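The values are calculated or read from the model by the stated rules, or taken from the named source; none is laboratory data. For clarity, every value in this text was computed on a predicted model and none was experimentally measured. Ideal geometry is used to build each Cβ from the backbone, glycine not excepted, and the neighbour counts take in all protein chains shown. Only protein heavy atoms, including side chains, enter the accessible area calculation; ligands, DNA and RNA are left aside. Shrake-Rupley method; radii C 1.70, N 1.55, O 1.52, S 1.80 Å.
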Amino acid sequence: GAVVSQHPSWVICKSGTSVKIECRSLDFQATTMFWYRQFPKQSLMLMATSNEGSKATYEQGVEKDKFLINHASLTLSTLTVTSAHPEDSSFYICSARFRANEKLFFGSGTQLSVL
Amino acid sequence: DAKTTQPPSMDCAEGRAANLPCNHSTISGNEYVYWYRQIHSQGPQYIIHGLKNNETNEMASLIITEDRKSSTLILPHATLRDTAVYYCIVPDRGSTLGRLYFGRGTQLTVWP
C-alpha cells in the first residue's frame, strides 16, 4: 500500500521553541493532507486540512498562527508548532490522500513533549 | 464532528470472528464508510472501505446494510495482534475537502 512518512517520531523541546514536523507521501501525489492531534486515551482530533498550493483550512478552535501548516508540494506538508508550551505536548499525526473518496494513508505519528 | 456511533469496547477469543458494529444513520447516498484501526502510539492503519456493496480484502470483511445506516466489520479469525481501537468513519458531507472526523472508536481486546 501507499506509504506516508512522518518525521521525527518523537521530539522533546523547551518551552518557547518552535518544532517542525514533516509529512511526506512517498509513492503517490497527495493533493490533500490532514493533520490530527491526539491526547492520551482520546481519539484523533482533526486540526487542519491542506491542499497543495493553497492555504490550510483550520478546524474551529485551532490557532492558525500557532500551528503553521505548509503544503508546498504534492509530496510534502509540514506542521510547525510555534512557541511551544507544555499544553502543546501531544501525539501529532498526518495523513494524505490522492483524491476525494479515496482512502487516507497515515503517518506513524510524532510524539511532542514540551518541557 | 464524527457521524458514527460505535460501542466503546468489545472482546473476542483468539481464533474466533470479531464482529464490530457501527451506526451511521445520517450517511448520504454517495458517502463511503471507512474503517481504520490504531494500535497504541501508532498512526491509524487502513482496513477497508465500502459504499453499498459488501467488501472483503485480506484483512477483513465489511457488511453494509441495505439502507446503509449501519455496517459491521468482521475479522474472521482474530489474533492477539488485532487488539486495537477500531474506528468507523464517514467523511464530512459539509465541504468538498472530504474531511474525516474520528469518533471514540471501539477498543477490541483479543484474549488467548
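Applying a DSSP loop filter and a limit of 15 other Cβ atoms within 10 Å to the GluC sites (Glu not before Pro) in the stretch B:19-112 leaves B:GLU58, B:GLU66.
Left without a cysteine partner by the 4.7 Å Cβ rule in chain A: A:CYS13. Stretched out straight at 0.36 nm per residue, the stretch from A:LYS66 to A:SER113 would grow longer than its current Cα-Cα span by 15.3 nm.
Looking only at the stretch B:41-65, which residues have a backbone nitrogen under 12 Å from a spot 7 Å from the Cα of B:ASN19 in the C-beta direction? The answer is B:63, whose backbone nitrogens lie closer than 12 Å to the label point. The GluC sites (Glu not before Pro) found in the stretch A:51-115 that occupy coil by DSSP, while having at most 10 further C-beta atoms within 10 Å, are A:GLU63. Modelled label positions at A:PHE98 and B:LYS69, each set 7 Å beyond Cα in the direction of Cβ, lie 3.5 nm from each other. What a 1.4 Å probe finds exposed on chain A is 53% carbon and sulfur by accessible area, rounded to a whole percent. The distance linking the stretch B:54-107 with the stretch A:62-84 is 29 Å (Cα centroid to Cα centroid, whole angstrom).
Work through the residues other than A:SER83 whose Cβ is under 15 Å from its Cβ and net out their charges, Lys, Arg +1 and Asp, Glu -1.
Overall, the nearby charge balance is 0.
Backbone N atoms of the stretch A:64-102 closer than 19 Å to the 7 Å Cα→Cβ label point of A:HIS7 belong to residues A:70-81, A:92-96. Mean-square fluctuations from a GNM of chain B, with a 10 angstrom spring cutoff on Cα atoms, peak among B:SER28, B:SER41, B:SER71 at B:SER41.
Across the protein assembly as shown, the fraction of Cα-Cα pairs farther apart than 34 Å, rounded to a whole number, is 14%.
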